[in-house]
Each structure stands twice: as structure tokens, then as C-alpha cells.
1. How many nm separate the modelled label positions at residue 247 and residue 188, each set 7 Å beyond the Cα in the direction of the Cβ?
2. Across 5 Å bins from the origin, how do the percents of Cα pairs in the stretch 230-312 run, short distances first?
3. State the extension gain, in nm to one decimal, for the chain segment bounded by residue 146 and residue 9, taking 0.36 nm per residue of separation less the distance between their alpha-carbons.
4. Can you compute the label reach from residue 280? Point 7 Å from Cα along the Cβ direction, backbone N cut-off under 20 Å, restricted to the stretch 222-238.
5. For each of 29, 116, 307, count neighbouring Cβ atoms within 10 Å of the residue's Cβ, then give the residues from fewest to most.
6. Sorted from largest down, what three extents in whole angstroms do the Cα atoms of the chain have along their principal axes?
7. Calculate, in nm to one decimal, what residue 330 and residue 135 gain on full extension: separation in residues at 0.36 nm each, minus their alpha carbon distance.
8. Calculate the translational D of the stretch 229-381 in whole µm² s⁻¹ from Stokes-Einstein, where the hydrodynamic radius comes from the Kirkwood formula applied to all Cα pairs, the temperature is 25 °C and the viscosity 0.890 mPa s.
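Please treat every number below as a calculation from the coordinates, not as lab data. A quick note: this is a predicted structure, and the numbers were derived from the prediction, not measured. So basically every Cβ, Gly included, is an ideal-geometry build from the backbone, and we count neighbours across all protein chains shown.
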Ligand SMILES: Cc1ncc(COP(=O)(O)O)c(C=O)c1O
């Protein structure tokens, strides 16, 4: 029963790291591997807020008054004032009627799909959506249809093929795809959804805090045409937990019917307070997102000039597409030997012969680090 049917070269090893000396460094604690400080080019802590003193202080202080954990579900005794405060501040920031917190983005996505689709629905989803959304489709019992990544024509064809009076249709996309660093053409997607009167769910996990006006995400200006969006505090917000945002009618429907909301311990007050402090910092430092995007474009150009592989990505997520799996692993090892931690993304996460090194550019990385990286990349044969 527990026989693992995964080929040996696809098995992954769980690794442990601890924080390094500098805000962008990690230390590898795995036996037999280098113990040097490595420059973190792979976490999703894009703004460095997980190590921000004010954010950590907020988490600590609220733990003293509200407890580290909430102790039960929101429906029993787990609801704390910090939950409503964070929900209200997000509603205002994103101009949404209802925000509802969840302990993780994985759960928020399952709840979102289950809230918008059921066994009589057709879900038409981008080929690259996150696993949590696919689990949500399974849980909802809907028929799943995929369209080619960011391909509007294919999306429209699939809608035309499955449009019928008996079935409701839900489209699922991410605004910024985490493996490609590609951005969804949301304006066109909302246009098509409106044309055929179908629902749209947008996962803003990687965009929120960085992309869109003042980091409000890529769906912010289109929110009237989006049925629901989800966001997580585990990436740019440097905390943990997540939320869904929608109109108040759907929000109330989720509160009353979602198992993923009801049957789980409420988001810890410590993580909620950390997320709230991060939100306040993002609101105050409106230029953070745009500065990070400008820096990322510079990184992309420099890397392109120094390496013979294509570099993809229109955001803080870049990928060096090496192609061959073995060669990509060699590049990861070469980087690690030279003090950089960037992860090889291989099949089945990406297609065969599209293996890549995924790089995330963080706000706290400086130009000296970039110079050093490009000279290390130049040495790779
Ligand atoms: C696109 C996307 N959505 C949702 C999630 C899940 O979020 P969380 O880490 O908060 O569970 C992730 C995390 O990897 C993600 O990349």
C-alpha cells in the first residue's frame, strides 16, 4: 500500500535551513552539504518581512495577550479581535465587501473552489494553476478542463465547447504564476468571462504586496469583474495564513457552508498580527513593489547577458530555462558551491526538457550580489 511509485531521480529530499547572518542569507544544515551561508534566491519572502523586527514584535506582543494559538475554530472560541481587524483592513485596502481568513492558502483555495463550483459545474483552469486549486476542484466534484497557459483563444474555445444551460462554468487562473514568473492577461480574461457570463477565481498568492497599484495585486483594477480572489500571508507578507475576498453574499455562503473554514483551528493570533503589521508596512511604503520590479528587470538583463540560456519572467520571479534536467541540477550545484541557493525546478512540476532554475529577487538584495551572481553564472559550462 505504501509502495512509492515515483522514479528514483524524481524523489525529493527534505532539507533543513536556518537563518544566516545577513537578512538575505540562509544556512544549510544538511549533513554532508556545505554549511556556508547561502544567499537566498528561492524563498517567497519577497519583501523580507518575515525577518522584520516590527512584524516579529507585533506577533510576539499579541501572543502574550491572545495566546500563541487560537485554540479552536472560528465558530467555537477561536475568533479574536485581531481576525476582524485584519479582515477589515484588507477589505478596505482591496476595496472588497468581504474578506475571510484561513490558516493557509492551500485551505483558502480549496474553500474558494468549493464555494463557487459543485458537481454540476465545469471548471476551466489554466494548465499551470497551483495544486491546491486542483484539490479544490476534486473536492467540489466538478468536471475539470484545462486550457493552455495564458492562451486566451484556447480559453474561449473551451468555454464555447462546454457552455450549456445546465452547467455553470468557473474559470480559475493565477495572476502571477510561481514557476514561470509569467503574468496572466487578466484584462482579456475578465472580458471573456463577462462575455459568456461565467465566474472567475483569481489566485493572487505571488502578486499581492508587489504587483498592481501599490502592491494591491493584479486584479485590483478589475475587481468588479472577478467573482473571488485568494491571497496568502506566507509570501510577500512574511507571515502565514491566507484569505479569500469576494462580495458579502458569497462571503456569507462560505461562512455557513465551507468545511475548510469551519473545521479547522482559526489562524493563530501571532500570524494574524504579523500579517496586519506587514500590510501596514506595505501600505506605508508604496514604492516597494515598483522598486522590486525594476530591480528584477535589471537582474534579468544582466543574467541574460552573461549566460547562454533564456531567462523568463516579468516580475520578481525569474527562471533560467536550462532544458535538460541533469544540466539544471548541475547549475543548481554550481550556484550552491558559490554561495547561492536557487532551486532546480524539474518535471513533473514543469514539462520535460523545460527544467529551470527559479530565482526570486528580494527587496534586500543589492547590486554587489547581482555582480557576484553573474560572474558565477559566467563560469558555468
Ligand atoms: C499559487 C499558490 N497558491 C496557493 C499557495 C498556498 O499558499 P500557502 O503556502 O499559504 O498554503 C501557494 C503556495 O505555494 C501558491 O504558490
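1. Distance between the two pseudo-spin positions: 2.7 nm.
2. All Cα pairs, binned at 5 Å, distribute as 3, 12, 14, 15, 15, 12, 10, 9, 6, 4, 1, 0 percent.
3. Working: separation 137, 0.36 × 137 = 49.32 nm, distance 2.75 nm.
In short, 46.6 nm is gained.
4. In the stretch 222-238, the label zone of residue 280 (backbone N under 20 Å from the point 7 Å along Cα→Cβ) covers 233-238.
5. Values: 29 11, 116 26, 307 17.
If I rank by nearby Cβ atoms, fewest first, I get 29, 307, 116.
6. Principal-axis extents of the chain (Cα, largest first): 58, 55, 50 Å.
7. On the way: separation 195, 0.36 × 195 = 70.20 nm, distance 3.28 nm.
Additional length available on full extension: 66.9 nm.
8. On the way: Rh = 18.2 Å.
Reported coefficient: 135 µm²/s.
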